[in-house]
1. Within 10 Å, count the other beta carbons around each residue, average over each peptide in 38-47, 114-123, and list them highest first.
2. When the dipole is taken about the Cα centre of segment 1-136, and only Lys, Arg (+1) and Asp, Glu (-1) are charged at their Cβ, what size is it in debye, to the nearest 20?
3. Report the rotationally averaged projected area of segment 138-179 based on its alpha-carbon convex hull, in square nanometres.
4. Compute the acute angle (0 to 90°) between the alpha-carbon long axis of helix 25-35 and the principal axis of greatest extent of the alpha-carbon atoms of the chain; round to the nearest 10°.
5. Cross-link partners among lysines for Lys274, C-alpha distance below 22 Å, same-chain residues fewer than 8 apart left out?
6. For segment 136-166 and segment 169-204, write down the distance between their C-alpha centroids in whole Å.
7. As a test of the formula, what do you get for the chain when each DSSP H run with n ≥ 4 contributes -39,500 (n - 2.57) and the sum is divided by the residue count, at 222 nm and rounded to the nearest 500 deg cm²/dmol?
8. Contour minus end-to-end for Val66 and Arg323, with contour as 0.36 nm per residue of separation and end-to-end as the Cα-Cα distance?
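The values are calculated or read from the model by the stated rules, or taken from the named source; none is laboratory data. Everything numeric here is computed off the predicted structure, so don't read it as measured data. So basically every Cβ, Gly included, is an ideal-geometry build from the backbone, and we count neighbours across all protein chains shown. When the accessible area is computed, the model is the full protein with side chains, heavy atoms only, and any ligands, DNA or RNA have been set aside. Shrake-Rupley method; radii C 1.70, N 1.55, O 1.52, S 1.80 Å.
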Amino acid sequence: MGAVTTLYHPTRDELAEHLTGEPRYRLDQVWDGLYTQLAAPADITNVPKALRERLAAELPMALTTVVRRVSDHGDTVKYLWQLHDGSRIETVLMLYPDRVTVCVSSQAGCAMACGFCATGQAGFTRHLTTGEIVEQVVAAAREARTMGRRLGNVVYMGMGEPLANEAAVWASVERLQGAVGMSARHLTISTVGIVPGINRLAERPLPVNLAVSLHAANDELRNELVPINRRYPIDQLMDACAGWLAAKGRRLSFEWALIAGVNDRTSDAAELAKLTRRFRLPAHVNLIPLNPTPGYPTVGSTPQRVAEFHHKLVDLGVNATVRRNRGTDIDAACGQLAAGQPVTLTAPRRAD
Ligand code: SAH
(Lines give C-alpha, C1' and ligand atoms only; values in the text may rest on other atoms or scores of the structure.)
Protein backbone atom coordinates (compact mmCIF):
# COMPACT_ATOMS: atom_id res chain seq x y z
CA MET A 1 0.00 0.00 0.00
CA GLY A 2 1.44 3.38 -1.01
CA ALA A 3 1.72 6.35 1.31
CA VAL A 4 -1.57 8.16 1.87
CA THR A 5 -1.45 11.94 1.87
CA THR A 6 -3.28 12.96 4.98
CA LEU A 7 -4.81 16.21 6.16
CA TYR A 8 -1.82 17.55 8.08
CA HIS A 9 0.78 16.34 5.60
CA PRO A 10 0.87 18.97 2.83
CA THR A 11 2.90 22.13 3.12
CA ARG A 12 1.02 25.34 2.42
CA ASP A 13 2.15 25.25 -1.22
CA GLU A 14 1.07 21.64 -1.56
CA LEU A 15 -2.30 22.45 -0.02
CA ALA A 16 -2.69 25.23 -2.61
CA GLU A 17 -2.61 22.53 -5.29
CA HIS A 18 -5.71 20.99 -3.75
CA LEU A 19 -7.41 24.38 -4.06
CA THR A 20 -6.75 25.19 -7.70
CA GLY A 21 -9.71 26.97 -9.24
CA GLU A 22 -10.70 28.42 -5.85
CA PRO A 23 -10.29 32.08 -4.94
CA ARG A 24 -6.87 32.77 -3.42
CA TYR A 25 -8.22 33.58 0.04
CA ARG A 26 -9.49 30.02 0.39
CA LEU A 27 -5.95 28.88 1.07
CA ASP A 28 -5.73 31.24 4.05
CA GLN A 29 -9.11 30.12 5.31
CA VAL A 30 -8.30 26.42 5.12
CA TRP A 31 -4.76 26.81 6.52
CA ASP A 32 -6.07 28.92 9.37
CA GLY A 33 -8.89 26.46 9.98
CA LEU A 34 -6.47 23.54 10.21
CA TYR A 35 -3.68 25.16 12.21
CA THR A 36 -5.22 28.02 14.19
CA GLN A 37 -8.72 26.72 14.82
CA LEU A 38 -7.38 23.13 14.89
CA ALA A 39 -10.57 22.18 13.05
CA ALA A 40 -11.38 19.18 10.89
CA PRO A 41 -12.37 20.22 7.32
CA ALA A 42 -16.06 19.64 8.06
CA ASP A 43 -15.85 22.27 10.80
CA ILE A 44 -14.13 25.00 8.78
CA THR A 45 -17.49 26.63 8.28
CA ASN A 46 -16.38 29.75 6.42
CA VAL A 47 -15.48 27.48 3.50
CA PRO A 48 -18.26 26.21 1.16
CA LYS A 49 -19.59 22.80 2.05
CA ALA A 50 -18.74 21.21 -1.30
CA LEU A 51 -15.10 22.23 -0.92
CA ARG A 52 -15.00 20.96 2.67
CA GLU A 53 -16.31 17.62 1.47
CA ARG A 54 -13.80 17.43 -1.36
CA LEU A 55 -10.91 18.23 0.99
CA ALA A 56 -12.07 15.68 3.53
CA ALA A 57 -12.13 13.05 0.76
CA GLU A 58 -8.76 14.04 -0.75
CA LEU A 59 -6.98 14.54 2.55
CA PRO A 60 -8.26 12.08 5.13
CA MET A 61 -7.21 12.27 8.77
CA ALA A 62 -4.18 10.10 9.53
CA LEU A 63 -5.15 9.00 13.02
CA THR A 64 -8.11 6.95 14.16
CA THR A 65 -8.56 6.63 17.90
CA VAL A 66 -8.40 3.06 19.16
CA VAL A 67 -8.15 3.81 22.88
CA ARG A 68 -7.84 6.98 24.90
CA ARG A 69 -6.76 6.44 28.51
CA VAL A 70 -6.52 8.95 31.31
CA SER A 71 -4.36 8.92 34.44
CA ASP A 72 -3.01 11.29 37.12
CA HIS A 73 -6.53 12.66 37.76
CA GLY A 74 -6.88 13.73 34.16
CA ASP A 75 -3.42 15.29 33.84
CA THR A 76 -2.03 12.54 31.62
CA VAL A 77 -3.85 11.29 28.53
CA LYS A 78 -2.53 8.48 26.36
CA TYR A 79 -3.88 7.97 22.86
CA LEU A 80 -3.54 4.75 20.95
CA TRP A 81 -4.03 5.52 17.27
CA GLN A 82 -4.45 3.36 14.23
CA LEU A 83 -2.89 4.50 10.94
CA HIS A 84 -4.09 3.78 7.40
CA ASP A 85 -2.04 0.64 6.98
CA GLY A 86 -3.22 -0.74 10.33
CA SER A 87 -0.03 0.12 12.26
CA ARG A 88 -0.52 1.55 15.69
CA ILE A 89 1.24 4.33 17.54
CA GLU A 90 0.84 6.18 20.81
CA THR A 91 0.89 9.83 21.89
CA VAL A 92 0.90 11.17 25.46
CA LEU A 93 -0.50 14.53 26.54
CA MET A 94 0.78 15.83 29.90
CA LEU A 95 -0.74 18.76 31.76
CA TYR A 96 1.45 20.49 34.36
CA PRO A 97 0.50 23.52 36.43
CA ASP A 98 2.75 25.77 34.36
CA ARG A 99 2.85 24.09 30.96
CA VAL A 100 1.30 21.52 28.66
CA THR A 101 3.53 19.04 26.85
CA VAL A 102 2.85 16.37 24.27
CA CYS A 103 5.11 13.38 23.70
CA VAL A 104 4.87 12.26 20.06
CA SER A 105 5.90 9.15 18.17
CA SER A 106 8.16 9.43 15.14
CA GLN A 107 7.99 5.82 13.98
CA ALA A 108 5.61 2.89 14.36
CA GLY A 109 7.84 0.70 16.51
CA CYS A 110 11.59 1.20 16.68
CA ALA A 111 14.63 -0.57 15.22
CA MET A 112 17.07 0.46 17.95
CA ALA A 113 16.35 -2.60 20.11
CA CYS A 114 17.14 -1.16 23.54
CA GLY A 115 16.20 -4.11 25.75
CA PHE A 116 14.67 -2.07 28.57
CA CYS A 117 12.28 -0.16 26.29
CA ALA A 118 8.89 -1.60 25.36
CA THR A 119 9.01 -0.02 21.90
CA GLY A 120 12.45 -1.52 21.27
CA GLN A 121 11.19 -4.90 22.46
CA ALA A 122 8.37 -4.80 19.90
CA GLY A 123 10.59 -3.97 16.90
CA PHE A 124 10.23 -1.70 13.88
CA THR A 125 7.20 -1.36 11.63
CA ARG A 126 7.73 1.84 9.63
CA HIS A 127 8.61 5.53 9.63
CA LEU A 128 5.81 8.00 10.28
CA THR A 129 5.08 10.70 7.72
CA THR A 130 5.22 14.39 8.54
CA GLY A 131 1.41 14.45 8.47
CA GLU A 132 1.18 11.63 11.00
CA ILE A 133 3.56 13.41 13.37
CA VAL A 134 1.92 16.83 13.04
CA GLU A 135 -1.56 15.40 13.50
CA GLN A 136 -0.57 13.91 16.87
CA VAL A 137 0.33 17.41 18.05
CA VAL A 138 -2.82 18.95 16.60
CA ALA A 139 -5.01 16.32 18.29
CA ALA A 140 -3.31 16.97 21.63
CA ALA A 141 -3.52 20.74 21.20
CA ARG A 142 -7.22 20.42 20.44
CA GLU A 143 -7.82 18.41 23.60
CA ALA A 144 -5.73 20.83 25.68
CA ARG A 145 -7.83 23.66 24.32
CA THR A 146 -11.06 21.97 25.42
CA MET A 147 -9.50 21.95 28.92
CA GLY A 148 -8.81 25.66 28.68
CA ARG A 149 -5.07 25.08 28.28
CA ARG A 150 -2.57 25.86 25.56
CA LEU A 151 -0.20 23.19 24.32
CA GLY A 152 3.23 24.80 24.22
CA ASN A 153 5.81 22.00 24.32
CA VAL A 154 6.52 19.00 22.16
CA VAL A 155 8.95 16.23 23.03
CA TYR A 156 9.87 13.69 20.34
CA MET A 157 10.11 10.98 22.98
CA GLY A 158 7.31 8.65 21.99
CA MET A 159 7.70 5.51 19.91
CA GLY A 160 10.60 5.43 17.48
CA GLU A 161 13.96 7.03 16.88
CA PRO A 162 13.42 10.58 15.54
CA LEU A 163 16.88 10.87 14.00
CA ALA A 164 16.36 7.65 12.03
CA ASN A 165 13.44 9.53 10.40
CA GLU A 166 15.07 12.93 10.43
CA ALA A 167 13.58 14.42 7.26
CA ALA A 168 9.95 13.81 8.28
CA VAL A 169 10.69 14.87 11.85
CA TRP A 170 12.34 18.07 10.69
CA ALA A 171 9.44 18.88 8.36
CA SER A 172 7.13 18.46 11.36
CA VAL A 173 9.28 20.84 13.41
CA GLU A 174 9.01 23.44 10.66
CA ARG A 175 5.25 23.00 10.50
CA LEU A 176 4.77 23.26 14.26
CA GLN A 177 6.87 26.39 14.32
CA GLY A 178 5.52 27.98 11.15
CA ALA A 179 1.86 26.98 11.13
CA VAL A 180 0.89 25.99 14.67
CA GLY A 181 2.95 28.88 16.03
CA MET A 182 5.01 26.91 18.54
CA SER A 183 8.42 28.17 19.56
CA ALA A 184 11.26 25.92 18.37
CA ARG A 185 12.79 26.49 21.81
CA HIS A 186 9.91 24.47 23.21
CA LEU A 187 10.50 21.49 20.94
CA THR A 188 12.86 18.73 22.09
CA ILE A 189 14.20 15.98 19.89
CA SER A 190 15.37 12.92 21.77
CA THR A 191 17.84 10.48 20.27
CA VAL A 192 19.41 7.20 21.18
CA GLY A 193 22.62 8.71 19.79
CA ILE A 194 22.57 8.60 15.98
CA VAL A 195 25.71 10.64 15.31
CA PRO A 196 25.02 11.63 11.67
CA GLY A 197 21.52 12.70 12.74
CA ILE A 198 22.92 14.92 15.50
CA ASN A 199 25.35 16.46 13.01
CA ARG A 200 22.48 17.04 10.59
CA LEU A 201 20.46 18.68 13.36
CA ALA A 202 23.38 21.00 14.11
CA GLU A 203 23.05 22.32 10.54
CA ARG A 204 19.31 22.87 10.77
CA PRO A 205 18.28 26.47 11.32
CA LEU A 206 15.66 26.33 14.08
CA PRO A 207 16.79 26.31 17.75
CA VAL A 208 15.27 23.07 19.02
CA ASN A 209 16.53 21.28 22.14
CA LEU A 210 18.39 17.99 22.04
CA ALA A 211 18.04 15.11 24.49
CA VAL A 212 20.43 12.17 24.28
CA SER A 213 19.48 8.86 25.85
CA LEU A 214 22.83 8.07 27.41
CA HIS A 215 22.13 5.60 30.27
CA ALA A 216 25.78 4.54 30.55
CA ALA A 217 29.10 6.39 30.50
CA ASN A 218 31.30 3.53 29.29
CA ASP A 219 31.08 1.64 26.02
CA GLU A 220 30.95 -1.81 27.55
CA LEU A 221 27.75 -1.14 29.47
CA ARG A 222 26.26 1.15 26.83
CA ASN A 223 26.79 -1.48 24.10
CA GLU A 224 24.63 -3.74 26.17
CA LEU A 225 21.90 -1.26 27.10
CA VAL A 226 21.76 0.71 23.85
CA PRO A 227 22.94 -1.57 21.02
CA ILE A 228 23.42 1.29 18.50
CA ASN A 229 26.39 2.30 20.70
CA ARG A 230 28.42 -0.34 18.86
CA ARG A 231 28.01 1.76 15.72
CA TYR A 232 28.33 5.17 17.40
CA PRO A 233 30.42 4.73 20.52
CA ILE A 234 30.45 7.22 23.37
CA ASP A 235 33.44 9.31 22.28
CA GLN A 236 31.93 9.87 18.82
CA LEU A 237 28.59 10.64 20.42
CA MET A 238 30.10 13.18 22.82
CA ASP A 239 32.00 14.85 19.96
CA ALA A 240 28.73 15.16 18.05
CA CYS A 241 27.03 16.64 21.15
CA ALA A 242 29.86 19.13 21.59
CA GLY A 243 29.55 20.07 17.91
CA TRP A 244 25.82 20.50 18.25
CA LEU A 245 26.24 22.70 21.34
CA ALA A 246 28.85 24.84 19.62
CA ALA A 247 26.57 25.30 16.60
CA LYS A 248 23.26 25.82 18.38
CA GLY A 249 23.88 26.90 21.96
CA ARG A 250 20.56 25.28 22.86
CA ARG A 251 19.76 23.08 25.81
CA LEU A 252 21.41 19.67 25.79
CA SER A 253 20.20 17.01 28.16
CA PHE A 254 21.20 13.44 28.86
CA GLU A 255 18.53 10.94 29.78
CA TRP A 256 19.54 8.32 32.32
CA ALA A 257 17.05 5.57 33.19
CA LEU A 258 18.21 4.27 36.56
CA ILE A 259 18.30 0.47 36.52
CA ALA A 260 18.87 -1.25 39.86
CA GLY A 261 22.38 -2.67 40.10
CA VAL A 262 23.15 -1.89 36.46
CA ASN A 263 23.85 1.83 36.10
CA ASP A 264 22.85 3.30 39.46
CA ARG A 265 26.04 2.80 41.45
CA THR A 266 28.08 5.65 42.86
CA SER A 267 30.83 4.66 40.43
CA ASP A 268 28.37 5.14 37.54
CA ALA A 269 27.62 8.67 38.73
CA ALA A 270 31.35 9.41 39.02
CA GLU A 271 31.96 8.03 35.54
CA LEU A 272 29.18 10.18 34.09
CA ALA A 273 30.55 13.29 35.80
CA LYS A 274 34.02 12.52 34.42
CA LEU A 275 32.62 12.08 30.92
CA THR A 276 30.81 15.42 30.89
CA ARG A 277 33.99 17.09 32.21
CA ARG A 278 36.22 15.43 29.65
CA PHE A 279 34.08 16.74 26.79
CA ARG A 280 33.29 20.03 28.53
CA LEU A 281 29.59 19.40 28.05
CA PRO A 282 27.40 21.58 30.26
CA ALA A 283 24.56 19.13 29.89
CA HIS A 284 21.59 18.67 32.13
CA VAL A 285 21.05 15.09 33.29
CA ASN A 286 17.48 13.82 33.59
CA LEU A 287 17.24 10.89 35.93
CA ILE A 288 14.29 8.57 35.36
CA PRO A 289 13.82 5.49 37.53
CA LEU A 290 13.39 2.64 35.03
CA ASN A 291 9.74 2.00 34.31
CA PRO A 292 8.62 -1.61 34.18
CA THR A 293 8.19 -3.18 30.75
CA PRO A 294 7.07 -6.72 29.99
CA GLY A 295 10.27 -7.82 28.22
CA TYR A 296 12.94 -6.68 30.67
CA PRO A 297 13.53 -8.42 33.97
CA THR A 298 15.58 -5.79 35.79
CA VAL A 299 13.79 -3.16 37.85
CA GLY A 300 14.12 0.55 38.48
CA SER A 301 16.28 1.89 41.28
CA THR A 302 14.69 2.50 44.66
CA PRO A 303 13.72 6.08 45.49
CA GLN A 304 16.58 6.15 48.00
CA ARG A 305 19.14 5.04 45.40
CA VAL A 306 17.73 7.59 42.94
CA ALA A 307 18.21 10.33 45.53
CA GLU A 308 21.75 9.17 46.35
CA PHE A 309 22.71 9.03 42.68
CA HIS A 310 21.23 12.47 42.17
CA HIS A 311 23.15 13.94 45.12
CA LYS A 312 26.37 12.34 43.97
CA LEU A 313 26.03 13.97 40.56
CA VAL A 314 25.24 17.34 42.06
CA ASP A 315 28.24 16.99 44.42
CA LEU A 316 30.40 16.38 41.38
CA GLY A 317 29.12 19.55 39.76
CA VAL A 318 26.69 17.93 37.32
CA ASN A 319 23.36 19.60 36.80
CA ALA A 320 20.75 16.88 37.35
CA THR A 321 17.07 16.49 38.13
CA VAL A 322 14.88 13.53 38.90
CA ARG A 323 12.02 13.31 36.46
CA ARG A 324 8.66 12.58 37.95
CA ASN A 325 6.94 9.69 36.27
CA ARG A 326 3.66 10.20 34.53
CA GLY A 327 1.10 7.63 33.51
CA THR A 328 2.88 4.49 34.74
CA ASP A 329 -0.53 2.95 35.54
CA ILE A 330 -1.68 3.30 31.92
CA ASP A 331 1.68 2.25 30.39
CA ALA A 332 2.17 5.81 29.17
CA ALA A 333 5.50 6.49 30.92
CA CYS A 334 8.96 6.63 29.31
CA GLY A 335 9.78 3.38 27.58
CA GLN A 336 6.35 1.85 28.06
CA LEU A 337 4.83 2.67 24.68
CA ALA A 338 4.28 -0.43 22.62
CA ALA A 339 0.86 0.20 21.09
CA GLY A 340 -0.30 -3.21 22.19
CA GLN A 341 2.42 -5.03 20.24
CA PRO A 342 3.79 -8.29 21.56
CA VAL A 343 7.31 -7.92 22.93
CA THR A 344 10.38 -10.11 22.78
CA LEU A 345 11.80 -11.23 26.08
CA THR A 346 15.46 -10.46 26.68
CA ALA A 347 17.73 -12.47 28.90
CA PRO A 348 18.23 -11.05 32.37
CA ARG A 349 21.44 -9.15 32.81
CA ARG A 350 23.51 -10.14 35.76
CA ALA A 351 24.00 -7.30 38.19
CA ASP A 352 27.70 -7.63 38.94
N1 SAH B 1 14.46 6.79 20.51
C2 SAH B 1 14.57 8.08 21.14
C3 SAH B 1 13.23 8.64 21.52
C4 SAH B 1 12.52 7.86 22.62
S5 SAH B 1 12.62 8.81 24.08
C6 SAH B 1 15.51 8.00 22.30
O7 SAH B 1 15.92 6.89 22.65
O8 SAH B 1 15.88 9.02 22.87
C9 SAH B 1 12.17 7.67 25.29
C10 SAH B 1 13.11 7.80 26.48
O11 SAH B 1 12.71 6.87 27.49
C12 SAH B 1 14.53 7.47 26.11
O13 SAH B 1 15.40 8.26 26.86
C14 SAH B 1 14.61 6.03 26.55
O15 SAH B 1 15.93 5.59 26.72
C16 SAH B 1 13.82 6.07 27.82
N17 SAH B 1 13.33 4.76 28.24
C18 SAH B 1 13.16 3.67 27.49
N19 SAH B 1 12.69 2.66 28.23
C20 SAH B 1 12.54 3.13 29.47
C21 SAH B 1 12.06 2.57 30.68
N22 SAH B 1 11.65 1.31 30.73
N23 SAH B 1 12.05 3.36 31.78
C24 SAH B 1 12.45 4.65 31.71
N25 SAH B 1 12.91 5.22 30.60
C26 SAH B 1 12.95 4.48 29.49
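1. Final packing ranking: 114-123, 38-47.
2. Computed about the Cα centre, the dipole is about 240 debye.
3. If you wrap the Cα atoms of segment 138-179 in a convex hull and average its projections, you get 3.3 nm².
4. Around 30 degrees separate the two axes.
5. Counting by Cα, and skipping residues close in sequence, Lys274 has these lysines nearby: Lys312.
6. 13
7. When only DSSP H runs of four or more count, the value is -10000 deg cm²/dmol.
8. So the extension gain works out to 89.7 nm.
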